[in-house]
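The values are calculated or read from the model by the stated rules, or taken from the named source; none is laboratory data. Since the structure is predicted, the reported quantities are computational estimates derived from the model, not experimental observations. Cβ atoms come from the backbone with ideal geometry, glycine included; neighbour counts cover every protein chain shown.
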Amino acid sequence: MLADRCVKIVATVGPAICDRGKLFRAIESGVNVLRLNFSHGTHCEHLEVMGHVRELSRQLQAPVALLQDLQGPKIRVGVFKGGFIQLKVGEKVIFDPTLEEGEENHIPTDFKKLSEVVKKGTRILLDDGLMEVVVERSDNSRVEAKVVYGGILKNRKGMNLPKVPLGVECLTEKDLEDLEFGLANKVDYVALSFVRKAQDILQLRELIEDRGFGTKIIAKIEMLEALDHLEEIIRLSDGVMVARGDLSVEVGQSQLPGVQKKIIKRCNLMGKPVITATQMLDSMVENPRPTRAEITDVANAVLDGSDALMLSAESASGKYPFKCIQTMHEIVTEVEKSGDYFYKISLEEEFADITRAIAASACLTAQKLNASAIICLTTAGKTASMISRFRPKAKIIAVTHILETLNRLELVWGIQTFIIRPYKSTDEAMSQIEDLLVRYGLVNTGDKVVLTLGVPVLLRAKTNSLRVFTIGSEGERIGDQSQLPLRFRN
């Protein structure tokens, strides 16, 4: 069943999965988080998707997180007559921000200050580095360059200027408008593009908190400068995305694997969820099966410690979006059968707070007692996320009456979620939980489960207690699979 998979799947919404029926199939195929790419689409289109997702989530009893990905100061080429131009090796091209439409060797761009930041010899990479030109001269607003590696350049493809300071703000006017829209419609996460320093995160945090929303921040690591401030960026964020497209162009393709591992390891150590993204199953945009290299890439991202893996064009515009999701699910599930993958608990670590100590103790207790599950009574999801950090083999089940918390936990490794009725005592909560676990077939009579909670319950105390229960109920299991929550169906 889908709930057996620990690493979560993020799928990007696009023409291939934008209507209600296709979103249903995407969630049914195994998606935990849906990414709304605000580089494309209108607010009306995104709002329609949000409505469908929330409705389907309730219908399927499957929490789904909505991730708003802000465009950021992405530099792009403009549009061309016919939709594209052909760049040929050795030819001259001219970048001109005043052009409304490009043709032949004239390329419009939305970066007005291009001629001010480049000089002779500056490399300009196009479409995630698939094409490259070198600047020969700049004159007023125009930049003349020679094609080193050619190809077909389509409308609105990205431009990268490695090692060139651009002097642009992390949040553009468009981002601020999009952010206002996302917060008003209660997105679960906001991904901040082209983060360079801690101040970028603090600026976004202030905007979110001023509006009183609980939306979480994902820092996209795709700039060379961000690596110099990595630890502080991770500490101030709620999660991180290894955005390998632009990052590869920035650091160089041969450096990317090592950088990816470094970011994931640091996130794991600091207890922050991390998404590995870009071209995970890229060949499946056109083909029904992945390459062997892609299978290995997905597997290694799991073994590195990723909390989630992301599909971009594969789900947004590819020919086989649901096959992609199912393939990723199958690869991850197979990798997770490895026994070495679990229980990353260090008894040498000094815990700075009660929550982390309880989380580590819950994992150690579950390991020693061979417990079937670790149950977290939660309001904000902090303890469940801490438990996830230690990668227990026992199921991690977060339960609360707050749906927004369950949605946000869908990004975090290993956590499955249930919504329960508000409760006034531990016994009342445990009675509901035991009934659910037995009816859904997740435990058997006599199984041990570890429970973390805050007491007194009525005061909504932070997690400060750990208890062990033995399942005594002999209640009847639900036989009709369609009556089970989606991810607990066989």
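Annotations for the structure displayed:
- Looking only at residues in the range 305-318 that are outside any helix (DSSP H, G or I) and in contact with a helix residue (DSSP H, G or I) (Cβ under 7 Å, 6 or more places away or on another chain), the one that is nearest to residue 69 (Cα to Cα) is 311.
- Within the range 457-490, the set of residues being part of a helix (DSSP H, G or I), at pLDDT below 90 and hydrophobic (A, V, I, L, M, F, W, C) comprises 457, 458, 459.
- Residue 317 polar (S, T, N, Q), in contact with a Lys or Arg (Cβ under 8 Å, 6 or more places away or on another chain), over 27 Å from residue 258 (Cα atoms) and in contact (Cβ under 8 Å) with a residue 40 or more places away in the chain: no
- Enumeration of residues in the range 114-158 that are surrounded by 18 or more Cβ atoms within 10 Å (Cβ to Cβ), farther than 29 Å from residue 41 by Cα and touching a helix residue (DSSP H, G or I) at 6+ places or on another chain (Cβ under 7 Å): 138, 143
- In the condition set (1) surrounded by fewer than 23 Cβ atoms within 10 Å (Cβ to Cβ); (2) more than 17 Å from the chain's Cα centre (by Cα), residue 264 is compliant with all but (2).
- Comparison of 95, 80 shows that the only residue that is touching a residue at least 60 places away in the same chain (Cβ under 8 Å) and either more than 19 Å from residue 246 (Cβ to Cβ) or not assigned by TED's automatic domain parsing to the domain that holds residue 205 (or both) is 80.
- Any chance residue 184 is at pLDDT 95 or above, closer than 30 Å to residue 42 by Cα, in the same structural domain as residue 223 (by TED's automatic domain parsing) and buried (at least 19 other Cβ atoms within 10 Å of the Cβ): no
- Scope the range 266-314; condition touching a residue at least 24 places away in the same chain (Cβ under 8 Å) and among the acidic types (Asp, Glu); matching residues: 282, 286, 304, 307, 314
- The criterion of at least 3 residues that are more than 18 Å from the chain's Cα centre (by Cα) and of a type in the set (Val, Ile, Thr) is met, among strands (runs of 3 or more DSSP E) falling completely within the range 119-237, by 131-139, 142-149.
- Options 446, 441: the member that is farther than 24 Å from residue 64 by Cβ and in a loop (DSSP other than H, G, I, E, B): 446
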